[in-house]
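Contents: one structure, followed by commentary.
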Amino acid sequence: MDDQARVLKFQIFRYNPQKKGDKPRMVTYEITEAPGMTIFIALNEIRETQDPSLQFDFVCRAGICGSCAMVITCGQPDLACRTPTAAPGREIKSLPLPGFNSSEICR
Amino acid sequence: MKVIYTDSLVIGGGLAGLRVAIASMQRGFDTIVLSLIPAKRSHSAAAQGGMQASLGACVKGDGDDEDVHFGDTVKGSDWGCDQDVARMFVNTAPKAIRQLAAWGVPWSRVRGGDREVIINGEKVTITEKHEAHGLISARDFGGTKKWRTCFTSDGTGHTMLYAMDNKAIQLGIPVHERKEAVALIHEDGVCYGAIVRDLITGELIAYVAKATTIATGGYGRLYAVSTNAVISEGIGTAIALETGVAALGNMEAVQFHPTAIVPVGILTTEGCRGDGGLLLDKDGYRFMPDYEPDKKELASRDVVSRRMTEHMRKGKGVPSPYGDHLWLDITLLGRKHIEKNLREVKEICEYFLGIDPVKEYIPVRPTQHYSMGGVRTNATGESPTLKGLFSAGEAACWDMHGFNRLGGNSVAETVVAGMIVGEFVADYCETSSLNVSTSTIEHFVKREEKKIADLLVRDYGENPYELKAEMQQIMMDKVGIFRNGPHLEQAVEELQVLNQRARSIALRNRISSSNPELVEAIRVPKMIKLALCVAYGAMLRTESRGAHAREDYPERNDRDWLKRTLTIWPDESADLPDVSYEDLDVMKMEMPPGSRGYGVDNTILHPDTEKRIAEIEEIKKANPKADRFALHQLLNPTPIPEKFKGKNERIGRGYK
């Protein structure tokens, strides 16, 4: 399995309105895909090992509460917890839902 | 310094917290709810299978009442519960469920006439009474004598939470979202609110209140794999512990649910087995009847989880890259039933396992699920040692669950405790006045400010994510379903080391506003303290009771251990809590200790058990005309608030 593990490229919308001078931008992170990986697992791994400032919301992580709704790859809103990384392909884009105000960006 | 004053401060916006807030608001007190997240996303929403209340409307619930529910709850707790509280609970649960129906919960209802169900692997036709048509129905759950678990398909918590939150909105209760209570304000044994961090701006705010209620749920995330939401980290419980005054109760009592999916640990409801689902091993063999011929798959949760583990240890588990598991088979229930009554389970299987449970078996294994322990309260929900501090729901050790909670009794506890404790919170608001000096408030604000400032300036130190992962692994490996002395001692030693390391956490992202790493750095030291309470309590308790199963002490020992563990942390610099014990008084029990009816009864009896049984017989003989209500008063008088004292009506039986 490890021999074929893909390197996934995450392009994530970043903007922290609490931080003076911060500008909206896309940031790219790369991680190695693991079997059964979901966007929930991937985002946590990025935050824990690469960028501790990465903001996102998960609560139930079981497709029940709705906290992790975000726009994934082709403009489709979906629950990140139940989206396997195998589904969207090697390059995964992640943006906040449209209509969220700036204080809620990337939740 | 920003200070917000209120009468009733409720920390936690799940079912229990909202219900307490509703009670104090309805009594006319200024009320504020704090929540980490929008309230409707609380973990209560994830409760699937249902809520126990002895309505006795469906035919399989015939003959059910408060007394049968009481017996099941006390037995389920392995006689570790507080029987006053269990009695208050069972008497109030039918009122709670009917109130929720009035507030909009669409409970699944009885349909008069024949219907096909699966019982013990066989298709059976049962006939519902026509006169019960339209009443609230119930399904079978583990460890209960009757079908008592009321439900909305398998989204019960979801419908309950939405109705409850809508009621709170209707009453105009402010819910302050994305706020985390990081410390309690207290002085001379009285609690005056909390120091709260705004998770967006990072600002610290003092919420000063007459009554403070902790309703923050369980501490499941002390374990690497848990069915709990990722926010169920026990922080509310931990800030009570950190007062050094409030005690936690029975922290070692941790429930493992038999059927969480492998590997991610998401729950599939006990309703799967209640509705007729079976547990199978790697040979497709139904093994539970061999271990528990009477209750089979529907033995109490602790029993089923242990039997599954035993069976896997015999080499009967299904091997997988994530370790052994067993199968949950609901295929025999059929598509129609699954798509109506187990639809959340079906979705979970589709999304997280890529299987269709109508046709395929579900890979499951026992997984951390519920915290029986929590903030110790008396029957009114108040901490016996810190006045003005209340707790309700999973966060509390109100103690209706003892050492094992029955399925369906937790959402039931949230709303019933919310109702009852909510009244006592309102009573407290009515009779107490707020006498706290601004210098005390300032002291706590400054203390928390300094902790955060220290974190933000430290250049080198420990990584909070790594500390947390190590703690979670220790709890998984050494404080699990089966426990033993050597493992528990190791766990305590290793957690003590982590506790020291947690004093020098350093951050990579050093900003004080919205910062997930800082949130982690604030929480992890608290979580390690809770983990120490669990592991140390488990190490000291040299018996097996309910979910606390010691391989080296397999017998339930009423003689030496019919007591509740109390844990306090008075010395901030210590690496271990102080542990003491509170005896359960057999001579006051409505139901003296007996056998639960699983496996061999190897209980070491308490010397008062016989005496109390004889005494109860005498009381009954001396009062031949006493009906069951009069007997409750004689055997187990409880402080149920006046408005919930009335009798409950049942079809075909009236108020008897």
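The values are calculated or read from the model by the stated rules, or taken from the named source; none is laboratory data. Computed from a prediction, not measured in an experiment: that's the story for all the values here. So basically every Cβ, Gly included, is an ideal-geometry build from the backbone, and we count neighbours across all protein chains shown. The protein model used for the area step is the full one, side chains on, heavy atoms only, and it has no ligands, DNA or RNA in it. Shrake-Rupley method; radii C 1.70, N 1.55, O 1.52, S 1.80 Å.
Some notes on this structure:
- The range B:621-650, subset open to solvent by 90 Å² or more (accessible area, probe 1.4 Å) and part of a helix (DSSP H, G or I), residue nearest to residue B:80 (Cα to Cα): B:633
- Selected residue (criterion: nearest to residue B:631 (Cα to Cα)) from residues of the range B:577-594 that are out of contact with any Pro (no Cβ under 8 Å at 6 or more places or on another chain) and in a strand (DSSP E or B): B:583
- Qualifying residue in the range B:337-346 (condition: of a type in the set (S, T, N, Q), open to solvent by less than 60 Å² (accessible area, probe 1.4 Å) and over 28 Å from the mean Cα position of the chain (by Cα)): no
- Residue B:178 among the charged types (D, E, K, R), touching a Ser or Thr at 6+ places or on another chain (Cβ under 8 Å), closer than 30 Å to residue B:271 by Cβ and modelled with pLDDT of 95 or more: no
- Looking across the range A:7-22 at every residue that is more than 15 Å from residue A:73 (Cβ to Cβ) and touching a strand residue (DSSP E or B) at 6+ places or on another chain (Cβ under 9 Å), the one that is surrounded by the most Cβ atoms within 10 Å (Cβ to Cβ) is identified as A:14.
- Inside the range B:464-521, residues that are crowded, with 16+ Cβ neighbours inside 10 Å, free of Cβ contacts under 8 Å to residues at least 12 places away in the same chain and under 19 Å from residue B:182 (Cβ atoms) make up a count of 1.
- All positions within the range B:548-572 that are at pLDDT 95 or above and in a loop (DSSP other than H, G, I, E, B): B:551, B:552, B:553, B:554, B:555, B:556, B:562, B:569, B:570, B:571
- Residue among B:424, B:403, B:390 that alone is open to solvent by 10 Å² or more (accessible area, probe 1.4 Å) and of a type in the set (Phe, Trp, Tyr): B:424
- Filter result for residue B:193 (in contact (Cβ under 8 Å) with a residue 60 or more places away in the chain, of a type outside the set (Ser, Thr, Tyr) and out of contact with any strand residue (DSSP E or B) (no Cβ under 6 Å at 6 or more places or on another chain)): no
- Residues in the range B:161-179 that are touching a helix residue (DSSP H, G or I) at 6+ places or on another chain (Cβ under 7 Å) and more than 13 Å from chain A (Cβ to nearest Cβ): B:163, B:164, B:167, B:168, B:171, B:173, B:175.
- Top-ranked residue of the range B:360-375 - restricted to ones that are in a strand (DSSP E or B) and more than 28 Å from residue B:400 (Cβ to Cβ), ranked as most open to solvent (accessible area, probe 1.4 Å): B:363
For (1) touching a Phe, Trp or Tyr at 6+ places or on another chain (Cβ under 6 Å); (2) part of a loop (DSSP other than H, G, I, E, B); (3) within 14 Å of chain A (Cβ to nearest Cβ); (4) open to solvent by less than 10 Å² (accessible area, probe 1.4 Å), each residue gets a yes or a no:
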residue: B:196; (1), (2), (3), (4): yes, no, no, yes
residue: B:201; (1), (2), (3), (4): no, yes, yes, no
residue: B:213; (1), (2), (3), (4): yes, no, no, yes
residue: B:231; (1), (2), (3), (4): no, yes, yes, no
residue: B:240; (1), (2), (3), (4): no, no, no, yes
residue: B:243; (1), (2), (3), (4): no, yes, no, no
residue: B:246; (1), (2), (3), (4): no, yes, no, yes
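- Taking the conditions (1) open to solvent by 60 Å² or more (accessible area, probe 1.4 Å); (2) touching a strand residue (DSSP E or B) at 6+ places or on another chain (Cβ under 9 Å) in turn, residue A:29 satisfies each one other than (1).
- Subset tally (residues that are more than 27 Å from the chain's Cα centre (by Cα) and part of a loop (DSSP other than H, G, I, E, B)) for the range B:325-336: 1
- Counting the residues of the range B:337-359 that are part of a helix (DSSP H, G or I), of a type in the set (A, V, I, L, M) and either touching a residue at least 60 places away in the same chain (Cβ under 8 Å) or farther than 26 Å from residue B:122 by Cβ (or both) gives 3.
- Qualifying residues in the range A:36-56 (those that are of a type in the set (D, E, K, R) and facing chain B (nearest Cβ under 7 Å)) - the one nearest to residue A:13 (Cα to Cα): A:47
- For the residues B:358, B:345, the requirement of being out of contact with any Lys or Arg (no Cβ under 8 Å at 6 or more places or on another chain) and among the β-branched types (Val, Ile, Thr) singles out B:345.
- Hits in the range B:438-485 - residues which are over 29 Å from residue B:552 (Cβ atoms) and part of a loop (DSSP other than H, G, I, E, B): B:458, B:459, B:460, B:461, B:463
- Tabulated pairs, the range B:593-608, first open to solvent by 60 Å² or more (accessible area, probe 1.4 Å), second not β-branched (Val, Ile, Thr), C-beta under 7 angstrom, 6+ apart or interchain: B:601/B:595; B:602/B:554; B:602/B:555; B:605/B:558; B:605/B:559; B:607/B:559
- Selection count, the range B:343-361, where residues are within 14 Å of chain A (Cβ to nearest Cβ) and either more than 20 Å from residue A:36 (Cα to Cα) or touching a Ser or Thr at 6+ places or on another chain (Cβ under 9 Å) (or both): 7
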